[in-house]
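The values are calculated or read from the model by the stated rules, or taken from the named source; none is laboratory data. Model, not experiment: these values are computed from the prediction. Because the Cβ atoms are built from the backbone with ideal geometry, glycine has one as well, and the counts that use them run over all protein chains shown. Ligands, DNA and RNA are stripped out before the accessible areas are found, and what is left, the full protein with its side chains, is counted by its heavy atoms. Shrake-Rupley method; radii C 1.70, N 1.55, O 1.52, S 1.80 Å.
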Amino acid sequence: MTTKSSLVLLALILLSAAQVCAQGTGTVVPPQAAEEANANTWSFAAAAYGYLIPDDQSYASGTFRADRNWAHLEARYNYEDHKTGSVWLGYNLSFGEKLVLEATPMVGGVFGNTTGVAPGYLVTLSYKKISLYSEGEFVLDTKNADSHFFYNWNELTYSVSDWLRAGLASQKTRAYHTPLDVQRGFFAGVTYRRLDFTTYVFNVGWTSPTILLGMGFTF
């Protein structure tokens, strides 16, 4: 997939998400947003991402989440690998008031170019304007035992205001390749009502930078 094709696919995903919001089916981007919904009602999450990768195949990926009380459901595409989807079931937990820990242990099924099962997690630790977020999964490849791998994404965020945030991020993935095993960089994001934009820049100063553009809707 070329960079142009990836951006066209990303635009189509975002347009579809916008139409969903306009029709009244909710979407939420960050995992923390589920706490804002009533425990007895469903909250939904949809996000699309465009990866602009030097010397490799650029592509788009998407995620969809649904939460109600303890229940967490999730679907992902182009996340573990290209042309690969996954579905997840998790259990939401929350502890604390000022220092808040939210954790969701999960189990998922992976299918496509990569096929297998995967235990995973979502964890957020937040205090006032600072939050630490981590998500990960260990994919047990049922086609090839030598292809088991661990995926991990981390963010350290400072919320400058209700609509502006910035921080540091790292990622370990098999969906694309660079000279670095662990991608590391910084990001900035803005929120306007139900719309969220985030730009990540990885590997500046180590190798050619990888750019990640994210967009999501909240309901």
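Considering the range 196-214, the residues that are assigned to a strand (DSSP E or B) and open to solvent by 40 Å² or more (accessible area, probe 1.4 Å) include one that is farthest from Gln57 (Cα to Cα), namely Phe197. Listed by first and then second residue, the pairs with beta-carbon distance under 8 Å, at least 6 apart or on different chains, first residue in the range 187-200 and in contact (Cβ under 8 Å) with a residue 24 or more places away in the chain, second of a type in the set (A, V, I, L, M) and outside any strand (DSSP E or B), are Asp196/Val29. I'm checking my understanding of the structure. Among residues of the range 50-74 that are of a type in the set (A, V, I, L, M, F, W, C) and open to solvent by less than 40 Å² (accessible area, probe 1.4 Å), which one is nearest to Gln183 (Cα to Cα)? Among residues in the range 50-74 that are of a type in the set (A, V, I, L, M, F, W, C) and open to solvent by less than 40 Å² (accessible area, probe 1.4 Å), the one nearest to Gln183 (Cα to Cα) is Ile53. Take the residues of the range 80-108 that are within 21 Å of Thr218 (Cα to Cα) and in contact (Cβ under 8 Å) with a residue 60 or more places away in the chain: which is nearest to the chain's Cα centre (by Cα)? Within the range 80-108, the match that is nearest to the chain's Cα centre (by Cα) is Thr104.
Looking across the range 139-166, the residues that are open to solvent by 80 Å² or more (accessible area, probe 1.4 Å), in contact (Cβ under 8 Å) with a residue 12 or more places away in the chain and within 25 Å of Asn113 (Cβ to Cβ) come down to Thr142, Lys143, Phe150.
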